[in-house]
Amino acid sequence: MDRVLTQPEIDNAFKLAREGETVRESAVAYDFSRTDRIAKDQLRTIHMIHENFARSMASSLSAYLRSYVEVNLISVEQLSLAEFTQSLPAPTSMITFGMKPYDGSAMLEFNPALAFPIIEMLLGGTLKTPTRIDREITEIEQSILDGLLRVILNDLQNAWNAVAPMEFNIESHETEPQLLRILAQNEAVVAISIEVRAGETAGMMNLGIPSIVVKMLRQKFDQHRMVRKSHSTDEEHARMLRLIQPASIHLDARLHGPMLGVQALLDLKEGDVLAFDYPLTRPVDLAINGKLKYVGEVVVAGTKRGLQIQCLK
C-alpha cells in the first residue's frame, strides 16, 4: 500500500489511539526492510547524466557498427535488486562492472533481442531477415560483444565524470539475472532503462547502479547541481539577451506644460501662439514605450536636438 495519509486521517488516527480504539482503515504497518529512497534532486541529476550518455552512445555505436543507431532514455527509477532482476529476461547477456575508486559493482544488461542482431552486424550481417533467438550467449559471442560493451562503458564513464571521476571495468559475465549476487535482494539499485535501435532492430539495455554508491556521491551531486545552476543562469542571461536584442522600443521626450481644453484646441487658427510655460532649466521626462523611465535635458547633437539623460525617474 503506497497511499499517503491525509492530515485529517492522521489526526483521526491519533484521536482514536488516545481513546483506546484500534485504528484499522487509515493506518498500515510500516515495512522497515524496504529500500531506502534516494532524494529526488539526485534522481534528476542521474536522469540528466544518462540523457547525455544516451546521446554520446548513439554517436559511438553508429561509428562502431557503421550503421545509424538511435538511443533513447526510457526511465530512471529506484527498485530493489529483486525487483530489478525479475524485470529482466532469462537468459540474457549481463555484465557486472566496477566503479573505482568506490566500492561496489554495477550491472549492465543487453536483451537477447538486441545482443544477437548486433553480433550479426559485427560479423557482417545485414539484418534484412531478423530472427528471434532465445538461448544463452556463447563464450565466442560474448567475446565479440565485449568490444561493444567497452565502448558503451567508456561513454558511461565520461558521462559520470561530470559528477565524479570514476573508472569502469568489466568484472564478470552472467546469463541468469536471478543468480546475480552482488547485493542483498532487498538492497536498492537505481534502474536505468534505455532503448537502442539499430536499423530495423530495437531492444532494451538496462543499467543497475547500487544506491549505496549514489549515496557515497551525495556531496558530489550537490556540487554538480550548484555548478550547473550557475552555468545555467549565465546561459539563460545570454539567451534572454539574444532574444531581446532585435526588439525595438519607442522613446518619447515630454514637456509637461499647461493643459488646453478641447474647445480651445478647436478654436486655434493660423497665427495663434501657445505658451508652453516650461522653463529651460526644468528637466525633460523621457518615456520608454509609454512608461516614464529617465529625466534629462535638451542638448544639441550635431544638426539635431538630443536628450542628455541625467538620472532615473
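The values are calculated or read from the model by the stated rules, or taken from the named source; none is laboratory data. Being a predicted model, the structure only gives us computed values, none of them experimental. We place every Cβ from the backbone using ideal geometry, glycine too, and count neighbours over all the protein chains shown.
Assorted remarks:
- Boolean, ALA63 is among the small types (Gly, Ala, Ser) and out of contact with any strand residue (DSSP E or B) (no Cβ under 7 Å at 6 or more places or on another chain): yes
- Residues that are within 30 Å of ALA162 (Cβ to Cβ) and either surrounded by 10 or more Cβ atoms within 10 Å (Cβ to Cβ) or in contact with a strand residue (DSSP E or B) (Cβ under 6 Å, 6 or more places away or on another chain) (or both), drawn from segment 240-279: MET240
- Within segment 302-313, tally of residues that are surrounded by 10 or more Cβ atoms within 10 Å (Cβ to Cβ) and either touching a Ser or Thr at 6+ places or on another chain (Cβ under 8 Å) or not polar (S, T, N, Q) (or both): 5
- Under the condition of being in a strand (DSSP E or B) and not aliphatic (A, V, I, L, M), the residues counted in segment 173-189 number 2.
- Among the residues of this structure, LEU180 does not count as one that is at pLDDT 85 or above and either more than 25 Å from SER62 (Cα to Cα) or not charged (D, E, K, R) (or both).
- Residue check for VAL71: among the aliphatic types (A, V, I, L, M), in contact with a Phe, Trp or Tyr (Cβ under 9 Å, 6 or more places away or on another chain) and either outside any helix (DSSP H, G or I) or exposed (fewer than 15 other Cβ atoms within 10 Å of the Cβ) (or both): yes
- Subset tally (residues that are under 18 Å from GLY203 (Cα atoms) and in a loop (DSSP other than H, G, I, E, B)) for segment 96-145: 14
- Pick from segment 280-301, criterion part of a loop (DSSP other than H, G, I, E, B) and within 53 Å of the chain's Cα centre (by Cα), ranking: surrounded by the fewest Cβ atoms within 10 Å (Cβ to Cβ): GLY290
- Reported count of residues in segment 199-209, each being at pLDDT 80 or above, farther than 17 Å from PRO165 by Cα and out of contact with any helix residue (DSSP H, G or I) (no Cβ under 6 Å at 6 or more places or on another chain), is 5.
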